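What follows is a short report on a single structure.
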Amino acid sequence: MLDLLLRRAVLPDGRRADIGIAAGKVVAVEPAIAGTAGREIDLDHRLASPPFVDIHFHLDSALSLGNPRFNRSGTLLEGIALWGERKPHLTHEALVESGLRYCDLAVSQGLLAIRSHVDVCDDRLLAVDALLEVKRRVAPWLDLQLVAFPQDGYLRSPGAAANLERALDLGVEVVGGIPHFERTMQDGATSVRALCELAARRGLMVDMHCDESDDPLSRHIETLAAETRRLGLGGRVTGSHLTSMHSMDNYYVSKLLPLIAEAGVAAVANPLINITLQGRHDSYPKRRGMTRVAELRAVGATVAFGHDCVMDPWYPLGNADMLDVAHMALHVGQLTGREDMAWCFAAVTTEAARIFGLTGYGIAPGCHADLVVLDAADPVEAIRLRAPRLLVVRRGRVIAERPAAPVRLDLPGRPAMLEHRAYAPRGGRDG
């Protein structure tokens with residue numbers, strides 16, 4: 001007997017199927033599953049997807065908006081300064097409480113895996129200890145992966161190098177860095193080499209804030225790709241942000257993109273925050289900072305999207321909704337072909353899961369029974385509507401649920417029900 005049977009689901013690839021779940025695993029995905037289950041739910045041809053994955057986030061600063069003050073310039077550098085002002089006043093209890101609140105919000109949105117950078121430049125390692133506690137407490141319902149992140153610079157901040165190794169010893173899993181914030185371009189390159197060598201010695205992954213700048217001469221992704229290749233780290237390294245690439249000349253980028261792909265370096269864009277922080281020193285034309293997503297994909301690089309920030313010194317908005325991220329990326333990247341729009345959904349699910357290193361991820365026999373049901377007919381419609389999450393399932397147990405309800409209209413002479421899904425396209429050529 002199955003524990004849970006989801007009937008008449010639509011999978012992201014368009015297949016119609018029933019999904020049978022037992023003992024926390026998907027045991028059958030078939031057009032029609034015979035038999036009974038402890039609970040049976042008719043999805044009525046709604047989208048059932050593997051859960052959302054946020055491959056780039058900062059949980060230690062989340063939900064801290066206005067504390068100690070607001071970012072008046074809207075720049076990355078003022079955000080870093082603001083975080084520095086707040087650090088001396090952090091407490092373990094407050095960090096745990098805000099971390100748990102955010103993880104609860106994430107679960108309600110079908111977001112069940114988060115890679116969070118955690119600042120290691122505080123000698124107390126207060127944020128590290130707090131997020132390791134959050135990681136332990138949320139493990140039954142959410143995968144939290146931590147990156148040791150020297151926010152104030154690996155070389156620039158006294159004690160950062162030693163603190164980063166201490167954080168790894170405590171159980172932080174990924175090596176981070178921020179080379180563009182070092183004092184010189186040379187120091188930035190030196191930090192990339194040192195951090196990649198550290199990851200190679202320890203057998204760890206790397207996720208580097210890289211070239212988060214409008215400077216077209218910022219070249220740290222080039223160094224990261226070279227070090228990845230030299231040390232044999234392909235498939236274990238991520239370059240996050242890469243916003244300088246939106247300002248680079250096309251000739252240099254034509255050389256850079258194959259280097260990234262050949263080295264096996266993944267790229268993560270953070271569209272909500274990249275377009276908010278970048279271009280602040282421009283008048284007009286005003287640049288927007290998202291990296292060259294389509295071009296990275298074209299050379300075969302793995303690309304995904306992250307949320308980055310929610311209500312913190314860098315970004316005043318956000319709701320743990322990865323469909324908002326995909327929606328913004330689609331517009332800024334002009335990814336409006338049908339195949340491109342569907343890929344934007346993959347960029348916050350399967351592509352992000354690949355970079356994360358999640359095992360047992362997907363909707364197929366043998367996978368963990370982790371999934372989200374959206375009030376949409378397909379991935380493109382899910383992005384268009386930022387579709388409500390109707391069910392969230394973790395290891396076969398429904399952990400979040402909301403009813404599907406159309407909008408009720410009471411118009412003069414014609415009361416009606418408005419069903420947004422009815423406007424989804426059912427065919428036609430790619431746009």
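The values are calculated or read from the model by the stated rules, or taken from the named source; none is laboratory data. Everything quoted here is computed from the prediction, not taken from an experiment. Cβ: placed from backbone, ideal geometry, glycine included. Neighbour counts: every protein chain shown.
Residues of region 279-296 that are under 19 Å from the mean Cα position of the chain (by Cα) and at pLDDT 95 or above: MET290, THR291, ARG292, VAL293, ALA294, LEU296.
Looking at ARG124, is it surrounded by fewer than 22 Cβ atoms within 10 Å (Cβ to Cβ), basic (Lys, Arg) and either on the phi > 0 side of the Ramachandran plot or in a helix (DSSP H, G or I) (or both)? Spelling it out, it is not the case that ARG124 is surrounded by fewer than 22 Cβ atoms within 10 Å (Cβ to Cβ), basic (Lys, Arg) and either on the phi > 0 side of the Ramachandran plot or in a helix (DSSP H, G or I) (or both).
Restricting attention to region 90-100, the residues that are within 12 Å of SER64 (Cα to Cα), surrounded by fewer than 17 Cβ atoms within 10 Å (Cβ to Cβ) and not hydrophobic (A, V, I, L, M, F, W, C) add up to 1. When region 154-172 is filtered for residues that are farther than 17 Å from ASP60 by Cα and surrounded by fewer than 23 Cβ atoms within 10 Å (Cβ to Cβ), the ones remaining, listed by number, are LEU155, ARG156, SER157, PRO158, GLY159, ALA161, ALA162, GLU165, ARG166, ASP169. A single member of PRO31, PRO12 is touching a residue at least 40 places away in the same chain (Cβ under 8 Å) and not assigned by TED's automatic domain parsing to the domain that holds CYS103, and it is PRO12.
When the test is whether a residue is in the same structural domain as ILE80 (by TED's automatic domain parsing), closer than 12 Å to LEU95 by Cα, in contact with a Cys (Cβ under 8 Å, 6 or more places away or on another chain) and buried (at least 21 other Cβ atoms within 10 Å of the Cβ), VAL134 passes it. Sort out which residues of region 63-87 are of a type outside the set (Phe, Trp, Tyr) and either outside the structural domain of ARG101 (by TED's automatic domain parsing) or in a loop (DSSP other than H, G, I, E, B) (or both), and write them in order of number. Result: LEU63, SER64, LEU65, GLY66, ASN67, PRO68, ARG69, ASN71, ARG72, SER73, GLY74, THR75. Checked against the criterion of being over 25 Å from ARG101 (Cα atoms), touching a strand residue (DSSP E or B) at 6+ places or on another chain (Cβ under 7 Å) and either surrounded by 18 or more Cβ atoms within 10 Å (Cβ to Cβ) or outside the structural domain of PRO68 (by TED's automatic domain parsing) (or both), region 321-343 has at least one qualifying residue. Among the residues of region 34-53, is there at least one that is crowded, with 22+ Cβ neighbours inside 10 Å, hydroxyl-bearing (Ser, Thr, Tyr) and not in a helix (DSSP H, G or I)? The answer is yes, given that some residue of region 34-53 is crowded, with 22+ Cβ neighbours inside 10 Å, hydroxyl-bearing (Ser, Thr, Tyr) and not in a helix (DSSP H, G or I).
In the condition set (1) in contact (Cβ under 8 Å) with a residue 60 or more places away in the chain; (2) over 26 Å from the mean Cα position of the chain (by Cα); (3) more than 30 Å from ASP340 (Cβ to Cβ), TRP83 is compliant with all but (2). Selection of region 215-236 for residues being surrounded by fewer than 22 Cβ atoms within 10 Å (Cβ to Cβ) and more than 22 Å from the chain's Cα centre (by Cα) yields ASP215, PRO216, LEU217, ARG219, GLU222, THR223, ALA226, ARG229, ARG230, LEU231, GLY232.
The set of residues in region 236-287 that are touching a strand residue (DSSP E or B) at 6+ places or on another chain (Cβ under 8 Å) and either small (Gly, Ala, Ser) or more than 27 Å from LEU358 (Cβ to Cβ) (or both) comprises GLY239, SER240, ALA263, GLY264, ALA266, ALA267, ALA269. Checking each residue of region 105-114 against the condition of being among the β-branched types (Val, Ile, Thr), surrounded by 14 or more Cβ atoms within 10 Å (Cβ to Cβ) and more than 19 Å from the chain's Cα centre (by Cα) gives no match.
Give the residues of region 248-268 that are among the small types (Gly, Ala, Ser) and in contact (Cβ under 8 Å) with a residue 12 or more places away in the chain, sorted by residue number. Matches in region 248-268: ALA261, ALA263, GLY264, ALA266, ALA267.
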